[in-house]
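Structure first, then comments.
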Amino acid sequence: ELCWAKLTYNWLCEKFPETKINYVNAGLSGTPSTLGVMRAERDLYSEYTPDIVFIEFAVNDGQTATDKTSYESLVKKILSKENNPAVVLFFTVIESGYTCEKHMSEIGNYYNLPMISLNNSLEPEFNAGTMKWSDYSDDQSHPNVWGHSMVKDLVANFFEKALKKKKK
């Protein structure tokens, strides 16, 4: 109930009360995109036809050619769906600074996808001393309650910017 995905769903329901929004969280902690590409049909498309899919494997993937190919295969699989879902790439980071954002964002740029970088939000705060990792997380990788709320705010900001751009 307090994860960023559910909080974002709650925010979307409040923002668009006249719209029927279904929530599906197919996230599975600690899994790489090599598993995600195999799970996509079963976990995302067996019962639903999502209009928007957030893809996040930035801290569970590696840097090998297989990891990169699996991630791109997942992106392509979702983009190829008949209903043409929106795909947003979301990049997390762990306390050590590890993230696959660099090569994943190259894939995002190639497919002209919107991307949200958690590291781009956290790192300046850490460097300025205005925030510590323990403010965001109770372990080395997962957001705590406040961290999930902060991530929801990042995603809500993404939607707000997209709405303003659409109105122009």
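The values are calculated or read from the model by the stated rules, or taken from the named source; none is laboratory data. Everything numeric here is computed off the predicted structure, so don't read it as measured data. No Cβ is skipped: glycine too gets one built from the backbone with ideal geometry, and neighbour counts run over all protein chains shown. Calculation scope for accessible area: heavy atoms of the full protein, side chains included, ligands and nucleic acids excluded. Shrake-Rupley method; radii C 1.70, N 1.55, O 1.52, S 1.80 Å.
The table that follows gives values for the structure above.
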{"read-out": "Within the accessible area of the chain (1.4 Å probe), percent carbon and sulfur", "value": "51"}
{"read-out": "Spin-label proximity, Q140 to region 53-96 - amide N less than 13 Å from point 7 Å beyond Cα toward beta carbon", "value": "60, 94-96"}
{"read-out": "Relative contact order (%) - criterion: Cα under 8 Å, at least six apart; region: region 47-163", "value": "23"}
{"read-out": "The chain, accessible area per residue, ligands and nucleic acids excluded (1.4 Å, Å²)", "value": "59"}
{"read-out": "Cβ-Cβ FRET estimate between E125 and E47, R0 fixed at 41 Å, reported to 0.05", "value": "0.55"}
{"read-out": "Peptides ranked, highest mean first, by Cβ atoms within 10 Å: ranges 147-155, 18-26, 40-48, 103-111", "value": "147-155, 103-111, 40-48, 18-26"}
{"read-out": "For V53, residues with placed amide H under 5 Å, excluding near neighbours", "value": "A86, V87, V88"}
{"read-out": "Kirkwood Rh and Cα Rg combined as Rg over Rh, evaluated for region 112-168", "value": "1.06"}
{"read-out": "Kyte-Doolittle mean at least -0.5 and Cα axial length at least 20 Å: DSSP H helices in the chain", "value": "65-79, 145-167"}
{"read-out": "Cα-centre dipole for the chain with unit charges at Cβ (Lys and Arg positive, Asp and Glu negative), debye to 20", "value": "740"}
